[in-house]
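What follows is a set of notes on a single structure, which appears directly below.
The values are calculated or read from the model by the stated rules, or taken from the named source; none is laboratory data. Bear in mind the structure is a predicted one, so any value in this text is a computation, not a measurement. When we count neighbours, we look across all protein chains shown, and the Cβ atoms used for this are built from the backbone with ideal geometry, even at glycine.
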Amino acid sequence: MTQPPNQPPQGGFGAPQDQPPHGGGFGAPQSPPPPPAQPPQAPAQPPQAPAQPPQPQPGYGYPSQPGPYAQPGPYGQPAQPGPYAAQPGYGHPQQPQYPGQPQYPGAPGTPPAGPPASKGRTALIIGAAAAALLVIGGTVYAVTSDGGGGKKKPVAEKSDDGKQSSSGKPVDPGNGKGNGGADPENLNDGRKPGEAKVLWYKSAPDAPGSGADAPGMWITGTTAVKAAYKQVFAYDVGNGNASWDPIAFPQKICAVTPQKTADDKIVVAYMNGVSSRAKCNQLQQIDLDTGKKGWSGEVADGGLFDSAISIELTVSGKTLMVGRSESGTAYDIDSGRKLYDKEKYGSACFPAGFAGGSGRLVQVASCGAGGSNAHDELQELDPATGKVKWTQPVKKGWQVSRVYSLDPLVVYLTNQDKKAWNISTFTKAGKFRSEVKVDEKFAPRCDLSFLARDLQGCQGVAVDADTLYLPTNATTGANQIVAISLANGKAKWRVKSPADESMFPIRTEGGKLIAYVQPSYDTGGQIVSVPVTGGSHGTTKLLQNPSGSAEIENSFFQGAIDWAGGRFYISSTRLTGSDSSKEKLMMAFGK
């Protein structure tokens with residue numbers, strides 16, 4: 001099979017490009033399926049949700065040639081026989097189905113109206129005008145930049161110990177006097193035999209009518225911590241009592257480290273004002289167990305079009321990486337001391353995103369934006385020094401959209417023009433290892449990222465040394481989890497959800513895959529396990545959440561989930577700001 005006209009052979013990786021659109025495919029924004037039966041009161045919908053779902057477009061996403069692996073692959077690997085026949089609905093990760101919640105364009109499988117915006121490309125757009133308008137799902141967002149070009153070195157400084165109270169009432173202090181701490185709704189009343197308990201739940205703080213972010217959720221051995229709007233809250237993992245007074249910030253929280261350090265530290269970023277020119281550039285380190293505030297600092301802008309209007313925070317070991325529009329700055333997370341900058345390299349390669357964890361730090365760069373050789377590059381960095389360990393170019397037309405795992409490295413790529421996708425895995429040395437060859441629609445739970453690549457913004461996917469675990473998409477009824485070999489990209493086994501609701505991987509531990517089965521409107525969710533050696537014996541139930549709290553459990557918008565110490569935690573990641581009902585912030589279940 002030859003390269004199509006005007007497509008000279010390119011180095012690097014990415015599925016073959018000679019894939020013309022084909023009718024009846026997958027991956028374009030889908031109309032949502034009929035929702036499961038719901039009580040009359042549906043959860044409030046976030047303001048950015050489109051009023052009507054985008055109409056399906058023909059032919060998005062599956063290879064339409066019989067066997068892109070029937071020729072020498074773009075990774076320089078031996079040719080593979082073609083399992084990719086042109087079949088409707090092939091393989092693309094779809095936007096997850098949340099009971100009672102809207103479908104969103106933009107997560108893997110439902111591409112936005114335009115190509116996914118890299119930070120570098122976004123920066124160019126911002127630089128072209130004082131204020132650019134970004135249209136996503138029918139909603140117009142104002143994007144501004146002050147065009148400042150001066151660099152200022154952030155100064156890390158000590159602040160107070162964080163024991164002050166918030167500016168408003170603490171949310172559910174846990175003494176029965178707050179708005180929910182003593183189970184006023186009797187969620188455990190009428191609990192059926194075998195059902196777990198609601199250990200505690202917390203109502204959300206007031207949020208503006210336009211909504212507010214509630215990013216992150218961190219569980220330590222003693223404390224569950226949650227950020228929401230302008231505050232960070234902490235609760236005892238067992239009984240929900242306040243572990244320390246909420247920490248309040250003068251402006252809204254705009255970024256957090258999704259990971260915590262080995263000694264339970266995080267960093268939170270908040271805005272420096274409320275105007276359209278305000279920046280997400282104020283950093284604060286927090287000890288999760290004590291609530292003490294460590295160092296604080298300000299993120300400087302980079303070059304002319306390299307703004308801190310929107311940033312991302314990534315942790316790898318003792319390194320905090322702060323990503324701007326088209327650069328990054330690394331700090332020592334214990335002291336706030338600046339370590340190094342990651343800036344433009346080569347002729348026109350700008351850092352566009354970072355992913356950290358498992359002692360590894362991966363950078364995705366956008367190269368040659370707008371030119372004939374525009375492409376992405378993957379690099380692994382030494383977290384302590386920023387030294388490049390290896391570089392892997394991505395084939396032209398392909399963009400690294402998500403990082404599913406750092407160790408082993410598993411990335412999800414999209415080709416907007418060819419309406420195709422690819423999931424690839426790599427060795428420690430950055431060499432191509434395999435790519436997924438399973439004929440299925442997948443549906444990890446992925447957050448949206450409007451202005452930047454949220455590389456680690458997916459839940460509902462798990463990886464161990466040899467296997468990738470992905471949930472399938474089911475518009476009605478039970479879905480499956482597919483275990484995919486990292487050696488050859490083929491399915492090893494499948495297991496069906498034990499209920500008529502979708503099931504999502506959380507993690508692997510102790511030789512078992514731990515998964516969450518979503519609740520229905522009248523039945524609580526489940527935590528189940530599956531031996532990583534195979535799903536032939538089905539699932540083993542570890543926890544059955546009570547039916548009396550199913551409606552509340554079902555109402556967590558874009559819920560962050562975790563399983564730790566025999567307890568299950570779920571929390572909202574977005575507050576609607578609706579006054580019509582009391583929003584929930586976080587909930588814990590256990591025996």
Item to complete: Return the pairs, sorted by first residue and then second, in which the second residue is aromatic (Phe, Trp, Tyr) and outside any loop (DSSP other than H, G, I, E, B), the first residue lies in region 569-591 and is touching a residue at least 24 places away in the same chain (Cβ under 8 Å), the beta carbons are less than 6 Å apart, and the residues are 6+ apart or on different chains.
Response: Met587/Tyr201; Ala588/Trp200; Ala588/Tyr569; Phe589/Phe568
Practice prompt. Check Asp522 against each of (1) under 21 Å from Lys441 (Cα atoms); (2) surrounded by fewer than 18 Cβ atoms within 10 Å (Cβ to Cβ) and name the one condition it does not meet.
Written response: (1)
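For every residue, the table says whether it meets (1) at negative phi; (2) part of a loop (DSSP other than H, G, I, E, B).
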{"residue": "Leu513", "(1), (2)": "yes, no"}
{"residue": "Gly524", "(1), (2)": "yes, yes"}
{"residue": "Val530", "(1), (2)": "yes, no"}
{"residue": "Gly534", "(1), (2)": "no, yes"}
{"residue": "Gly538", "(1), (2)": "no, yes"}
{"residue": "Leu543", "(1), (2)": "yes, no"}
{"residue": "Phe556", "(1), (2)": "yes, yes"}
{"residue": "Ile561", "(1), (2)": "yes, no"}
{"residue": "Ser580", "(1), (2)": "yes, yes"}
Worksheet item: Do we find that Ile309 is of a type in the set (Val, Ile, Thr) and more than 27 Å from Phe426 (Cβ to Cβ) in this structure?
Response: yes
Discussion item. With the requirement that a residue be touching an Asp or Glu at 6+ places or on another chain (Cβ under 8 Å) and surrounded by fewer than 22 Cβ atoms within 10 Å (Cβ to Cβ), what does region 387-398 give you?
Written reply: Val388, Lys389, Trp390, Thr391, Pro393, Gly397
Item to complete: Scan region 330-355 and report the pairs whose first residue is without any contact (Cβ under 8 Å) to a residue 24 or more places away in the chain and whose second residue is charged (D, E, K, R), with Cβ atoms within less than 7 Å and a gap of 6+ or a chain change.
Response: Asp332/Lys318
Worksheet item: Taking the condition among the hydroxyl-bearing types (Ser, Thr, Tyr), touching a residue at least 12 places away in the same chain (Cβ under 8 Å), closer than 18 Å to Ser485 by Cα and surrounded by 22 or more Cβ atoms within 10 Å (Cβ to Cβ), does Thr425 pass?
Response: yes
Practice prompt. Scan region 291-306 and give yes if some residue there is part of a loop (DSSP other than H, G, I, E, B) and within 29 Å of Ala242 (Cβ to Cβ), otherwise no.
Written response: yes
Practice prompt. Please find, within region 315-340, the residue that is modelled with the lowest pLDDT out of those that are within 11 Å of Pro351 (Cβ to Cβ) and assigned to a loop (DSSP other than H, G, I, E, B).
Written response: Ser325
Worksheet item: For region 494-511, which residues satisfy the criterion of being farther than 30 Å from Ile311 by Cβ and assigned to a strand (DSSP E or B)?
Response: Arg494, Val495, Lys496, Met503, Thr508, Glu509
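State whether one or more residues within region 534-550 are among the hydrophobic types (A, V, I, L, M, F, W, C) and within 21 Å of the chain's Cα centre (by Cα).
No, there is no match, as no residue in region 534-550 is among the hydrophobic types (A, V, I, L, M, F, W, C) and within 21 Å of the chain's Cα centre (by Cα).
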Worksheet item: under 26 Å from Thr319 (Cα atoms), at pLDDT 95 or above, surrounded by fewer than 19 Cβ atoms within 10 Å (Cβ to Cβ) and not acidic (Asp, Glu): does that describe Thr257?
Response: no
Item to complete: Read through the list (1) modelled with pLDDT of 95 or more; (2) in contact with an Asp or Glu (Cβ under 7 Å, 6 or more places away or on another chain); (3) surrounded by fewer than 19 Cβ atoms within 10 Å (Cβ to Cβ), then give the number of the only condition that Lys265 fails.
Response: (3)
Worksheet item: Do we have any residue at all in region 462-478 that's more than 30 Å from Gln363 (Cα to Cα), buried (at least 22 other Cβ atoms within 10 Å of the Cβ) and β-branched (Val, Ile, Thr)?
Response: no
Practice prompt. Could you tell me whether any residue of region 344-351 is on the phi > 0 side of the Ramachandran plot and touching an Asp or Glu at 6+ places or on another chain (Cβ under 7 Å)?
Written response: no
Item to complete: Determine, yes or no, whether Met321 is more than 26 Å from Lys387 (Cβ to Cβ), out of contact with any helix residue (DSSP H, G or I) (no Cβ under 6 Å at 6 or more places or on another chain) and among the aliphatic types (A, V, I, L, M).
Response: no
Worksheet item: Would you pick out the residues in region 364-393 that are charged (D, E, K, R) and part of a strand (DSSP E or B)?
Response: Asp376, Glu377, Glu380, Lys389
Item to complete: With the condition kept exactly as written, say whether any residue in region 546-553 is in contact with a Phe, Trp or Tyr (Cβ under 9 Å, 6 or more places away or on another chain) and either closer than 21 Å to Val232 by Cβ or charged (D, E, K, R) (or both).
Response: yes
Practice prompt. Pick out the one residue from Gly273, Gly294, Gly238, Gly209 that is surrounded by fewer than 18 Cβ atoms within 10 Å (Cβ to Cβ), more than 21 Å from the chain's Cα centre (by Cα), farther than 21 Å from Arg574 by Cα and of a type in the set (Gly, Ala, Ser).
Written response: Gly238
Worksheet item: Hey, does region 509-516 have a residue that's touching a Ser or Thr at 6+ places or on another chain (Cβ under 6 Å), more than 19 Å from Gly565 (Cβ to Cβ) and without any contact (Cβ under 8 Å) to a residue 40 or more places away in the chain?
Response: no
Item to complete: Could you grab the pairs with beta carbons closer than 7 Å, sequence gap of 6+ or different chains, first residue in region 289-306 and polar (S, T, N, Q), second one part of a loop (DSSP other than H, G, I, E, B)?
Response: Ser296/Ser159
Practice prompt. Could you run through region 487-498 and say how many residues are among the hydrophobic types (A, V, I, L, M, F, W, C) and buried (at least 21 other Cβ atoms within 10 Å of the Cβ)?
Written response: 1
